[in-house]
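Heads up, the thing below is written out as C-alpha coordinates.
The values are calculated or read from the model by the stated rules, or taken from the named source; none is laboratory data. Source: prediction; values computed, not measured. Virtual Cβ from ideal backbone geometry, glycine too; neighbours counted across all protein chains shown. Ligands, DNA and RNA are excluded from the accessible area calculation, which covers all protein heavy atoms including side chains. Shrake-Rupley method; radii C 1.70, N 1.55, O 1.52, S 1.80 Å.
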Amino acid sequence: MDSKSGSAESIYVPEAVQRAAKILVVGHFAVGKTTLIGTLSEITPLRTEERMTQAAAQVDDLRGAPDKKTTTVALDFGRLTLSDELVLYLFGTPGQQRFVELWEDMARGSLGALLLVDPARLADTFPVIDLVETYGLEYAVAVNSFDPYSQHAEDELREALDLLPDTPVVFCDARDQKSSAHALITLVRHLLTHAS
Ligand SMILES: Nc1nc2c(ncn2[C@@H]2O[C@H](COP(=O)(O)OP(=O)(O)O)[C@@H](O)[C@H]2O)c(=O)[nH]1
Ligand SMILES: [Mg+2]
(Lines give C-alpha, C1' and ligand atoms only; values in the text may rest on other atoms or scores of the structure.)
(Ligands and ions follow the chains in the order given, each with its own letter.)
Protein backbone atom coordinates (compact mmCIF):
# COMPACT_ATOMS: atom_id res chain seq x y z
CA MET A 1 0.00 0.00 0.00
CA ASP A 2 1.36 3.38 -0.96
CA SER A 3 -1.36 5.84 -0.32
CA LYS A 4 0.61 8.95 -1.19
CA SER A 5 1.82 7.75 -4.60
CA GLY A 6 0.77 9.38 -7.85
CA SER A 7 1.87 12.58 -9.46
CA ALA A 8 -0.75 14.72 -7.84
CA GLU A 9 -2.85 14.08 -4.83
CA SER A 10 -5.65 11.83 -6.07
CA ILE A 11 -8.68 13.71 -4.95
CA TYR A 12 -11.23 11.47 -6.58
CA VAL A 13 -11.93 7.91 -5.61
CA PRO A 14 -10.99 5.55 -8.51
CA GLU A 15 -13.97 4.20 -10.42
CA ALA A 16 -13.06 0.60 -9.59
CA VAL A 17 -13.73 1.23 -5.93
CA GLN A 18 -16.85 -0.68 -5.04
CA ARG A 19 -16.81 -0.58 -1.28
CA ALA A 20 -16.40 2.24 1.14
CA ALA A 21 -16.12 1.71 4.83
CA LYS A 22 -16.40 4.20 7.61
CA ILE A 23 -13.92 3.78 10.43
CA LEU A 24 -13.82 5.87 13.56
CA VAL A 25 -10.55 6.94 15.14
CA VAL A 26 -11.36 7.55 18.77
CA GLY A 27 -9.53 8.37 21.96
CA HIS A 28 -9.24 10.91 24.68
CA PHE A 29 -8.03 14.47 24.28
CA ALA A 30 -4.50 14.81 22.86
CA VAL A 31 -3.98 11.09 22.29
CA GLY A 32 -3.05 11.58 18.62
CA LYS A 33 -6.27 11.23 16.61
CA THR A 34 -5.65 14.26 14.39
CA THR A 35 -2.02 13.21 13.96
CA LEU A 36 -2.91 9.66 12.92
CA ILE A 37 -5.52 10.74 10.39
CA GLY A 38 -3.12 13.33 9.00
CA THR A 39 -0.44 10.65 8.67
CA LEU A 40 -2.71 8.19 6.89
CA SER A 41 -5.00 10.30 4.76
CA GLU A 42 -4.30 10.52 1.04
CA ILE A 43 -6.33 13.69 0.82
CA THR A 44 -5.63 16.76 2.86
CA PRO A 45 -7.62 15.95 5.96
CA LEU A 46 -10.57 18.07 6.81
CA ARG A 47 -9.99 19.31 10.30
CA THR A 48 -12.18 21.20 12.60
CA GLU A 49 -9.57 22.30 15.09
CA GLU A 50 -9.99 25.47 17.00
CA ARG A 51 -7.50 27.41 19.01
CA MET A 52 -8.06 26.55 22.61
CA THR A 53 -9.06 29.36 24.82
CA GLN A 54 -8.13 29.64 28.45
CA ALA A 55 -11.69 28.57 29.16
CA ALA A 56 -11.19 25.28 27.28
CA ALA A 57 -7.91 24.72 29.08
CA GLN A 58 -9.93 24.38 32.25
CA VAL A 59 -12.12 21.73 30.66
CA ASP A 60 -9.59 19.87 28.51
CA ASP A 61 -6.94 18.31 30.66
CA LEU A 62 -3.59 19.58 29.39
CA ARG A 63 -1.38 17.58 31.70
CA GLY A 64 -0.22 15.18 28.99
CA ALA A 65 0.18 17.85 26.31
CA PRO A 66 1.08 21.21 27.80
CA ASP A 67 1.99 22.69 24.39
CA LYS A 68 -1.25 21.73 22.72
CA LYS A 69 -2.82 24.84 21.27
CA THR A 70 -5.76 23.43 19.35
CA THR A 71 -8.54 21.03 20.15
CA THR A 72 -10.86 19.09 17.86
CA VAL A 73 -14.23 20.71 18.19
CA ALA A 74 -16.07 18.33 15.93
CA LEU A 75 -14.10 15.83 13.90
CA ASP A 76 -11.27 15.02 11.56
CA PHE A 77 -11.94 13.43 8.23
CA GLY A 78 -9.50 11.57 6.01
CA ARG A 79 -9.51 8.98 3.28
CA LEU A 80 -7.35 5.96 2.61
CA THR A 81 -7.63 3.64 -0.37
CA LEU A 82 -6.73 0.19 0.90
CA SER A 83 -7.04 -1.71 -2.36
CA ASP A 84 -8.41 -1.23 -5.88
CA GLU A 85 -11.84 -1.90 -4.50
CA LEU A 86 -11.90 -0.71 -0.94
CA VAL A 87 -11.67 2.81 0.36
CA LEU A 88 -11.74 3.74 4.02
CA TYR A 89 -13.15 6.96 5.33
CA LEU A 90 -11.60 7.89 8.63
CA PHE A 91 -13.51 9.97 11.12
CA GLY A 92 -11.64 11.28 14.13
CA THR A 93 -14.17 11.55 16.89
CA PRO A 94 -13.45 13.61 19.98
CA GLY A 95 -13.26 11.73 23.22
CA GLN A 96 -14.36 14.54 25.49
CA GLN A 97 -17.60 13.67 27.21
CA ARG A 98 -19.25 16.87 26.04
CA PHE A 99 -19.29 15.47 22.48
CA VAL A 100 -21.42 12.49 23.39
CA GLU A 101 -24.27 13.46 21.04
CA LEU A 102 -21.86 13.41 18.14
CA TRP A 103 -21.10 9.78 18.80
CA GLU A 104 -24.64 8.81 18.05
CA ASP A 105 -24.28 10.13 14.49
CA MET A 106 -20.70 9.02 14.03
CA ALA A 107 -21.29 5.47 15.15
CA ARG A 108 -24.12 4.97 12.68
CA GLY A 109 -22.92 2.94 9.71
CA SER A 110 -19.35 2.66 10.90
CA LEU A 111 -17.57 -0.66 10.68
CA GLY A 112 -15.59 -0.19 13.84
CA ALA A 113 -13.18 1.99 15.75
CA LEU A 114 -9.47 2.33 16.22
CA LEU A 115 -9.12 3.27 19.86
CA LEU A 116 -5.98 5.29 20.50
CA VAL A 117 -4.55 4.91 23.98
CA ASP A 118 -1.75 6.74 25.75
CA PRO A 119 -0.44 4.27 28.34
CA ALA A 120 0.53 7.15 30.65
CA ARG A 121 -3.08 8.35 30.79
CA LEU A 122 -5.01 5.10 30.94
CA ALA A 123 -7.76 6.48 33.16
CA ASP A 124 -8.72 8.93 30.41
CA THR A 125 -9.42 5.99 28.12
CA PHE A 126 -12.16 4.44 30.28
CA PRO A 127 -14.91 6.90 29.28
CA VAL A 128 -13.97 6.39 25.63
CA ILE A 129 -14.23 2.59 25.98
CA ASP A 130 -17.63 3.15 27.58
CA LEU A 131 -18.74 5.11 24.52
CA VAL A 132 -17.39 2.52 22.09
CA GLU A 133 -19.19 -0.24 23.94
CA THR A 134 -22.40 1.77 24.34
CA TYR A 135 -22.60 2.12 20.58
CA GLY A 136 -21.69 -1.53 20.01
CA LEU A 137 -18.59 -0.79 17.94
CA GLU A 138 -15.99 -3.46 17.29
CA TYR A 139 -12.58 -2.00 18.03
CA ALA A 140 -8.86 -2.52 18.16
CA VAL A 141 -6.56 -0.74 20.60
CA ALA A 142 -3.65 1.24 19.19
CA VAL A 143 -1.19 2.24 21.89
CA ASN A 144 0.31 5.57 20.86
CA SER A 145 3.43 5.59 22.93
CA PHE A 146 4.51 9.13 23.63
CA ASP A 147 7.37 8.16 25.87
CA PRO A 148 9.84 6.00 23.94
CA TYR A 149 11.53 4.93 27.18
CA SER A 150 8.50 3.55 28.90
CA GLN A 151 7.81 -0.05 28.06
CA HIS A 152 4.29 -1.22 28.54
CA ALA A 153 3.59 -4.89 28.53
CA GLU A 154 0.59 -5.86 26.48
CA ASP A 155 -0.88 -8.12 29.15
CA GLU A 156 -0.72 -5.37 31.80
CA LEU A 157 -2.50 -3.04 29.45
CA ARG A 158 -5.14 -5.63 28.63
CA GLU A 159 -5.77 -6.16 32.28
CA ALA A 160 -5.90 -2.44 33.09
CA LEU A 161 -8.37 -1.77 30.29
CA ASP A 162 -10.26 -5.02 30.92
CA LEU A 163 -10.12 -6.00 27.24
CA LEU A 164 -11.68 -9.10 25.78
CA PRO A 165 -9.07 -11.70 24.77
CA ASP A 166 -9.74 -11.26 21.05
CA THR A 167 -9.55 -7.45 21.06
CA PRO A 168 -6.35 -6.67 19.15
CA VAL A 169 -3.69 -4.51 20.79
CA VAL A 170 -1.09 -2.92 18.57
CA PHE A 171 1.68 -0.45 19.40
CA CYS A 172 2.05 2.51 17.09
CA ASP A 173 3.46 5.96 16.52
CA ALA A 174 0.74 8.17 15.09
CA ARG A 175 3.37 10.30 13.33
CA ASP A 176 4.66 7.34 11.37
CA GLN A 177 2.82 6.26 8.25
CA LYS A 178 3.85 2.59 8.28
CA SER A 179 3.14 2.20 11.92
CA SER A 180 -0.26 3.92 11.71
CA ALA A 181 -1.20 1.87 8.64
CA HIS A 182 -0.26 -1.30 10.51
CA ALA A 183 -2.59 -0.30 13.36
CA LEU A 184 -5.44 0.39 10.96
CA ILE A 185 -4.92 -2.85 9.06
CA THR A 186 -4.97 -4.73 12.37
CA LEU A 187 -8.40 -3.23 13.01
CA VAL A 188 -9.66 -4.01 9.51
CA ARG A 189 -8.50 -7.64 9.81
CA HIS A 190 -10.29 -7.89 13.13
CA LEU A 191 -13.45 -6.44 11.62
CA LEU A 192 -13.30 -8.86 8.71
CA THR A 193 -13.08 -11.86 11.02
CA HIS A 194 -16.18 -10.57 12.84
CA ALA A 195 -18.12 -9.63 9.74
CA SER A 196 -19.30 -13.13 8.86
N1 LIG B 1 5.80 12.03 20.93
C2 LIG B 1 4.66 11.83 20.27
N3 LIG B 1 3.83 12.87 20.07
C4 LIG B 1 2.69 12.66 19.42
C5 LIG B 1 2.33 11.39 18.90
N6 LIG B 1 1.11 11.47 18.32
C7 LIG B 1 0.71 12.76 18.47
N8 LIG B 1 1.67 13.49 19.11
C9 LIG B 1 1.59 14.90 19.49
O10 LIG B 1 0.64 15.00 20.55
C11 LIG B 1 -0.15 16.16 20.43
C12 LIG B 1 -1.62 15.78 20.40
O13 LIG B 1 -1.92 15.09 19.21
P14 LIG B 1 -3.29 15.31 18.40
O15 LIG B 1 -3.18 14.47 17.17
O16 LIG B 1 -3.60 16.75 18.21
O17 LIG B 1 -4.34 14.70 19.44
P18 LIG B 1 -5.94 14.60 19.36
O19 LIG B 1 -6.49 15.58 20.35
O20 LIG B 1 -6.25 13.19 19.79
O21 LIG B 1 -6.38 14.89 17.95
C22 LIG B 1 0.31 16.87 19.16
O23 LIG B 1 1.18 17.91 19.54
C24 LIG B 1 1.04 15.78 18.38
O25 LIG B 1 2.07 16.30 17.57
C26 LIG B 1 3.26 10.29 19.09
O27 LIG B 1 3.05 9.14 18.68
N28 LIG B 1 4.41 10.57 19.77
MG1 LIG C 1 -7.64 16.32 17.29
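For segment 74-91 and segment 105-164, compute the distance between their C-alpha centroids and round to whole Å.
20 Å
Leaving ligands, DNA and RNA out of it, report the carbon-plus-sulfur percent of the accessible area of segment 101-155 at a 1.4 Å probe.
That fraction is 51 percent.
Return, for the Cα atoms of segment 86-196, the radius of gyration and Dmax in Å, separated by a comma.
13.7, 40
If each of His194 and Asp105 carries a label point 7 Å out from its Cα toward its Cβ, how far apart are those two points in nm?
Placing both labels 7 Å beyond Cα along the Cβ direction yields 2.4 nm.
Kirkwood Rh, segment 106-155, all Cα pairs: how many Å?
12.0 Å
Calculate the spin-label point distance for Ala123 paired with Asp84, positioning each point 7 Å from the Cα along the beta-carbon direction, and give it in nanometres.
5.3 nm
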